[in-house]
Every structure is written in C-alpha cells, then in structure tokens.
Amino acid sequence: MSHSVRRHLRVDIAEYDASIRRFIPGYEAMLAEAAKAVAAVSPRLVLDLGAGTGALSAAILERDEVGTVELVDVDPEMLAQARVRLAGAGDRARFALRSFDDPFPACDAVTASLALHHVPTLEAKGALFRRAAEALRPGGVVVNADVTMPADPEGREAGFRVWADHLVVSGIEERRAWEHFAEWATEDTYFPLEEELRLLRDAGLDARCVWREGPSTILVGTKPQEPVGRGLPYAGVGSPPLPARDLQG
Ligand SMILES: C[S@@+](CC[C@H](N)C(=O)[O-])C[C@H]1O[C@@H](n2cnc3c(N)ncnc32)[C@H](O)[C@@H]1O
C-alpha cells in the first residue's frame, strides 16, 4: 500500500511539522501523553505505526525506560525526515519502509499518532488491533493517539465545529478549514471513541481513554498478564520446577 503525505495533506514534507501543529488541537501535549503511556511499561521494543517525521518516536525516545523504537511508514519522504530528526538516537531508532498492514514483530508496545485514521473500516481496524494484541507480550500496550468523532450527526457537527475553531485560531481561514476537512475525508476516517474502545476490548485488551482535547484523543489498551499455572509458561524466578517424573530415581 502506498501513501504520500505531500499529496494527501497538500503540504511540503519540510513544512509538515509546522502544519500538523496548526491542524491538530493539542498536538504537542498529545504526543507527550502518548509517550508517557508507552514508557509506563518500560518497553524494550516499541512499534510506531505511521511514524511519519518521527515526532512521537522522538518523544518516546526521550524516556530512559524505553529501549528501541521501530518507525513503520509507507512514505519514504516522511521516513527520510524522521532519520534526520532521530540521528542522535543511534541504534535506539530503526526505520521500516513498510505498511502497518504487514505482520508485526513481537514487541512490548504498539503506538500510533494520527496514522490509524487511514484504516477505512471498523472491521479492518479491529483486525489491526487483534494483530497488535497478538504481537504484544503480556502487560504490553497499544497506545493510539488520533481524532475521534461521535456517530450521531449533531455530535459530529459539534466535533468538527470545535476542530474548525482550532484551525481558525491557528491562522487558517474558516472557509479553508472546512475545505481541509473535505479534502482529508477522501482518505481519513474518524470513528467514535466508544467504538474504538470496543475494538480494543474485542482484541482482548483492557481499554481506556487517558487524554482528550477537542477531537484529539488517546486510547490505551493493555494486554492482561497471563495467569500462572494450567500449563502456561513458568512465571517464577529462575528455572522452572522439574516435572515429577524427572525427580524419581
Ligand atoms: C498524518 S501522518 C502522522 C505522522 C506522525 N505519526 C505524526 O503524528 O505526526 C500519517 C502517516 O501515516 C502514514 N501511513 C498511512 N498509511 C500507512 C500504512 N498503511 N502503513 C504505514 N504508514 C502509513 C503516512 O505515510 C504518514 O506518514
């Protein structure tokens, strides 16, 4: 699957970081909160899906509790910018030019900011969350920072109204703000917060909303720890106990 941010958002890649701050309410705070939620599980490996120019990865890598972040994106121009931004991170940042529709490696956290609205249906998003849950170790997290919108027309209109006000405050003409929404709608799909939570729960995760500002939302899904016993892998300290037959002479 190919995708070009230059074409979709109609911004030059070098301008992307400035533009996205004007477009998205609370962008900086959202990345900081998402990074905090990721770091809370002291992950060795984090996948940043649709990582773009690497702003979320950079916020995550500022935290000492985090090992490596793999930035996954289909747009080579965006990943090239991310390489420049994260040059100082050395081998704690690695770059993968591939789709988030491809298989995930085993990991401790799967995160995304403003990327999973490219998944067009609830069914496809549910499938992505299930794949993420399977890739996670017990106790790992999905942290998804994105726009959510109510399903009912009145709530939706109010949601876009709040968003349009943010664009206007950021210096964008109101008429242009509504044009932006129409342009983005050709590729972006925003689901209601409750539906996103349901999909995370259906994937077997403990899901909650941890932050909101206008339409910007962060949802966290935690993979439960496996119960000890009943044939599951040994969870004690040191070597697992020997089976009884090995103890008999
Ligand atoms: C709006 S940008 C968000 C970038 C960054 N996460 C941020 O918060 O600024 C969306 C990103 O998702 C990427 N993307 C879209 N579809 C994708 C897919 N199927 N697999 C991987 N990346 C994808 C785009 O190339 C783009 O870089």
task: State whether the residues of segment 5-20 include one that is of a type outside the set (S, T, N, Q), within 9 Å of the ligand (Cβ to nearest atom), surrounded by fewer than 16 Cβ atoms within 10 Å (Cβ to Cβ) and modelled with pLDDT under 95.
output: yes
- prompt: Which of (1) touching a helix residue (DSSP H, G or I) at 6+ places or on another chain (Cβ under 7 Å); (2) in a loop (DSSP other than H, G, I, E, B); (3) more than 8 Å from the ligand (Cβ to nearest atom); (4) of a type in the set (A, V, I, L, M, F, W, C) is the odd one out, the single condition Val41 does not satisfy?
  reply: (1)
- request: For residues that are touching an Asp or Glu at 6+ places or on another chain (Cβ under 6 Å) and in a strand (DSSP E or B), scanning just segment 103-141, find the one that is surrounded by the fewest Cβ atoms within 10 Å (Cβ to Cβ).
  value: Pro138
task: Scan segment 44-60 residue by residue and report those that are within 14 Å of the ligand (Cβ to nearest atom) and over 15 Å from Leu116 (Cβ atoms).
output: Val46, Thr53, Gly54, Ala55, Ser57, Ala58, Ala59, Ile60
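The values are calculated or read from the model by the stated rules, or taken from the named source; none is laboratory data. Please read all numbers here as calculations on a predicted model, not as lab measurements. Methodologically, a virtual Cβ is constructed for each residue, glycine included, from the backbone with ideal geometry; neighbour enumeration extends over all protein chains shown.
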